[in-house]
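This report concerns only the one structure given below.
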Amino acid sequence: MKLVVVGFGQCGCNIADEFYAINNYAKSLFNRRIEILTDAFAINTDEADLGGFKHIPGDKSHRILIGTMSTFGHGVGKINATAAEIIKDSHAVVTDTILKSQKFHETDAIMAIASGGGGTGSGTIGWTIKELKERVAKPIYAMVVLPFGFEEKGDTSYAVMNTATCLNTVSQYADAIFLVDNERFRKTGSSLAQNFKQINQEIVQNFYDLCCAGEERNEKYVGSKVIDAGDIKQSLAELSVIGRGQVDLSAFYRRRRSHYREGVKERSSAAGALLQAENNLTMGFDLRDARRILALISGPKDVLTLTMLEEMSGFLQAKAPKAVIRIGDYPRRSKDISVTLIASELTKVPRVQNMFVKAKDLFQKREEITKETTRKLKQLREISKDLPTLA
Ligand code: GDP
């Protein structure tokens, strides 16, 4: 599957940049020589943020500054309603650039990425998807990053209100939304910048085998049950999550592989990778609430047996009895077994439901705070009104 990736705001652009990096890696001569991206774009209202990443080309048609007339390139200061107004005026430059990109005809889907908690990304992603949806028939997926727990504290948390309004808008237009919970990836003891870098790399790694599998041209690496863009499209709807697990095969397993114990080890490695993938899903929820599941197992060709796929299918069927399950193999890896898992059409996501309830409460509180502030400021002015000024 080939994607065109569009990042909105700082978080979205950083993740889009990691997608660009992984595509460079995938297509390199010493690696798979497979292209999984047709292009990547970064959209922001903050000029400084557009310079903060490494891989997306630096020209103005890849890094697009919007809203200069109102923000002068300094961002929207977390007010996503301002960003939404800006994109309503400047969506044409964004959509035209994406649709006119050189290899757009090869793209299987568009992936739009933003944080829910910021201003620019959360305010611009929904409207852009709406505009793109009117102009292209290809699927448009969104990835929305939910804030860390500490960002949600207090009676005036923009992170909560922005995320809620962003998800509410995006869910009207996107074909599916990948939810990513920053809190789930949190690493204590490392800096925020390191945390972001690591989280972004982990997020993007999830798509590596998945996108490569259907683009593989070397016959010896083509799976017996290939997962291609069509399968991915059928596996995605509404709220979705993705995760990946990887278990290294022992360095000596090839020499001993005829021994029955090695066969057991291979199967338990696959089971381990699947469990890890489930644990690493980008948002916590109960698999019973998924209605579509896609699993891709990658490893050495002679290790990926029918029994292994059957066991995986049985495991997932038991965990998600109401889901349509698609399983594929990709015999590409030589030293490890990796499982990529997508759970989609989620009918219950407590984290998102709580966020909506909290946001409703905060909007109400904000109204009360605004009224109280106006009243108190008026009182303050009343007290000073008879004093002389120096104007
Ligand atoms: P914007 O530029 O106004 O859209 O704002 P940001 O994208 O900086 O949004 C702030 C939110 O995004 C907060 O919840 C941050 O925790 C999160 N965030 C910012 N940068 C990154 C990043 O590179 N990766 C991840 N995973 N989260 C980020």
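Values in this text are rule-based calculations from the coordinates and carry no lab data. Remember, it's a predicted structure, so these values are computed and weren't measured experimentally. Reconstructed Cβ throughout: ideal geometry from the backbone, glycine too, with neighbour counts over all protein chains shown.
Structure notes:
- For segment 3-205: relative contact order, % (alpha-carbon pairs under 8 angstrom, 6 or more apart): 22
- Listed residues G126, V136, S90: farthest to the positive end of the dipole of segment 3-205 (Cβ charges): V136
- Cα-based reach from K100 at 25 Å (exclusive), listing lysines while leaving out same-chain residues under 8 positions away: K2, K27, K54, K60, K88, K130, K133, K138, K233
- Within segment 104-173, trypsin sites (Lys or Arg not before Pro) in DSSP loop having at most 11 other beta-carbon neighbours inside 10 Å: K153
- Computed over segment 219-344, the ratio Rg/Rh where both radii use C-alpha atoms and Rh is Kirkwood: 0.98
- The chain: calculated mean residue ellipticity at 222 nm from DSSP helix runs of at least 4, using -39500 (n - 2.57): -14500 deg cm²/dmol
- Packing around the peptides 113-126, 31-44, 63-76, taken as the average count of other Cβ atoms within 10 Å per residue, puts them in this order, highest first: 113-126, 31-44, 63-76.
- DSSP bridge pairs, segment 3-205: antiparallel proportion in percent, nearest 5: 5
- Rounded to 5, the percent of DSSP beta bridges in the chain classed as antiparallel: 30
- Distance from the C-alpha centroid of segment 2-32 to that of segment 337-355: 23 Å, rounded to the whole angstrom.
- Rounded to the nearest whole angstrom, the semi-axes of the ellipsoid equivalent to the chain, taken from the Cα gyration tensor as √(5λ), stand at 43, 24, 18, largest first.
- Backbone amide hydrogens, once placed in the peptide plane, bring V6 within less than 5 Å of F41, M111, A112, I113, excluding anything fewer than 5 places away on its chain.
- Unit charges on C-beta of K, R, D, E only; dipole of the chain, Debye: 740
- Packing, as the average of other Cβ atoms within 10 Å across residues, places the peptides 53-61, 171-179 in the order 171-179, 53-61, highest first.
- A simple packing score, the average count of other Cβ atoms within 10 Å per residue, orders the peptides 184-190, 23-29 as 23-29, 184-190, with the highest score first.
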